[in-house]
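Report on the following structure.
Where a number appears in this text, it was derived from the coordinates with a stated rule and is not lab data. Keep in mind the model is a prediction, meaning the values are calculated, not measured. Reconstructed Cβ throughout: ideal geometry from the backbone, glycine too, with neighbour counts over all protein chains shown.
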Amino acid sequence: MFLLLFGAPGAGKGTQAQRLADFLEIPHLSTGDALRQARQDDTPLGRKAAEFIDAGQLVPDELVVGVVGEKLSQPDCTDGCLLDGFPRTLAQAQALGAHLQENSQQIDLVLELTAPEEELTLRMLQRACIEGRSDDTPETIAQRIEVYCNETMPVLDYYRQQGVVHSIDGTGTPTEVFERIRQVVEKSRS
Ligand code: AMP
């Protein structure tokens, strides 16, 4: 299964993606995690990405598309993969579509995690205290939510037209949210 997980910053994407990938036994690629790792390793990609991440902006498409293309070409992704935080722009969605088509693959399911904006902000500020992420400052959080609305919501509309999007209430405990996700996934597989 090829799945995409969408959600505004703070919607719980990372937590749920990990659980879902374990449940489905498929690889999980978070572009945010991959970029943070590249930054920690001080690679050219990581150095280029850092300024965009810290400004709450999207990293340029060609850089992110390269990371995902590499991952999807690995043998463990032949039968499926869960992409978390990708695609975030229409250009990325088109690049992904082209890659999958070339390999006779398709997107089976797109999940959107939703939560009210106050809750998103609160969760990210709490995470800032725990994880110390450089992009969890109040200004950057507001910027990231704006970027999500302006650039990523149109991507969801694009998939909505294809009839593969399921919106899931992302409020409540991680276990409650996962149960909602599991039900949607099970239904789509049957
Ligand atoms: P995330 O961990 O998914 O919240 O991503 C953290 C940051 O990494 C984002 O605010 C962007 O700066 C960058 N990033 C992650 N995924 C993408 C993507 N698909 N396209 C562009 N930038 C991304």
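Points worth noting:
- Taken together, C81, C77 contain a single residue that is in contact (Cβ under 8 Å) with a residue 40 or more places away in the chain, more than 10 Å from the ligand (Cβ to nearest atom) and more than 15 Å from the chain's Cα centre (by Cα), which is C77.
- Boolean, S167 is surrounded by 14 or more Cβ atoms within 10 Å (Cβ to Cβ), more than 16 Å from the ligand (Cβ to nearest atom), part of a strand (DSSP E or B) and hydroxyl-bearing (S, T, Y): yes
- Residue identified as among the polar types (S, T, N, Q) and closer than 17 Å to G12 by Cα among T89, T152, T140: T152
- Scan of region 61-73 for residues that are free of Cβ contacts under 8 Å to residues at least 12 places away in the same chain and either buried (at least 16 other Cβ atoms within 10 Å of the Cβ) or not small (G, A, S) (or both), ordered by number: E62, E70
- Counting the residues of region 84-109 that are assigned to a loop (DSSP other than H, G, I, E, B), under 16 Å from the mean Cα position of the chain (by Cα) and surrounded by fewer than 21 Cβ atoms within 10 Å (Cβ to Cβ) gives 4.
- Number of the exception - G56 against (1) in contact (Cβ under 8 Å) with a residue 60 or more places away in the chain; (2) within 14 Å of the chain's Cα centre (by Cα): (2)
- Yes/no for S188 being surrounded by fewer than 18 Cβ atoms within 10 Å (Cβ to Cβ), free of Cβ contacts under 8 Å to residues at least 60 places away in the same chain and more than 16 Å from the ligand (Cβ to nearest atom): no
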